[in-house]
Amino acid sequence: MRCPRCRHENRETAHFCGECGTSLTGGAPCPHCATVNPVGQRFCDSCGQRLAVGGSAERAREPRAYTPRTITNPAKIRDAILNARTVSYSIVEEELDAGLIAISVPIKSARDRTVAALSIFSHVDRASSGQMVDQFLPHLRDAATELRLQLV
């Protein structure tokens with residue numbers, strides 16, 4: 001059984017996720033009408049109210065640091081997201097895996113909503129942030145534009 005919160009694969013007989021502790025059998029009461037909804041449901045099936053992530057009323061867990069460079073401070077995460085929206089790309093250097101650098105651009109729908117992302121990864125010994133921007137960003141943006149035209 002796959003956890004609706006962290007996507008960890010658990011035994012079919014599990015009652016709680018072995019990775020994040022989310023209940024796999026119980027539901028969460030709707031904050032509007034108190035109807036207990038199945039785990040993983042995004043909207044209440046009685047009143048239509050949007051439920052918390054994963055169909056549960058519990059708070060999202062704290063961000064986990066994968067490397068010493070992983071951003072875990074909520075304010076810094078927000079700033080990084082706002083910056084990525086402003087420049088229309090994101091670059092991460094050793095935040096997920098030591099030695100890994102990546103640059104990503106959004107793929108937008110006809111309504112200008114981000115529906116996917118296109119990324120290129122490299123080892124930090126082979127490319128710097130500046131090189132990723134100079135050498136790959138123009139190609140990523142061109143490819144994202146082509147994909148957007150195919151989505152329309």
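Quick look at the values:
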item: Identity of the residue in segment 78-118, touching a residue at least 40 places away in the same chain (Cβ under 8 Å) and farther than 19 Å from THR67 by Cα, that ends up farthest from the chain's Cα centre (by Cα); result: ALA110
item: Some residue of segment 57-69 being touching a residue at least 40 places away in the same chain (Cβ under 8 Å) and at negative phi; result: yes
item: Count - residues of segment 81-97 that are part of a strand (DSSP E or B) and among the polar types (S, T, N, Q); result: 1
item: Tally of residues being closer than 16 Å to ASP134 by Cβ and touching a Leu at 6+ places or on another chain (Cβ under 9 Å) across segment 90-103; result: 4
item: Segment 97-114, subset among the aliphatic types (A, V, I, L, M) and surrounded by 14 or more Cβ atoms within 10 Å (Cβ to Cβ), residue farthest from ALA84 (Cα to Cα); result: LEU100
item: Given (1) closer than 24 Å to ARG148 by Cα; (2) surrounded by fewer than 16 Cβ atoms within 10 Å (Cβ to Cβ), index of the condition ARG126 fails; result: (1)
item: Segment 134-152: number of residues that are closer than 19 Å to VAL87 by Cβ and without any contact (Cβ under 8 Å) to a residue 40 or more places away in the chain; result: 9
item: Segment 98-117, residues that are out of contact with any helix residue (DSSP H, G or I) (no Cβ under 8 Å at 6 or more places or on another chain) and outside any strand (DSSP E or B); result: ALA98, GLY99, ARG111, ASP112, ARG113
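A short reminder: the numbers here are calculations on the coordinates, not readings from a lab. Remember, predicted model here, so these are calculated numbers, not experimental data. As a convention, Cβ positions derive from the backbone with ideal geometry for all residues, glycine included, and neighbour counts pool all protein chains shown.
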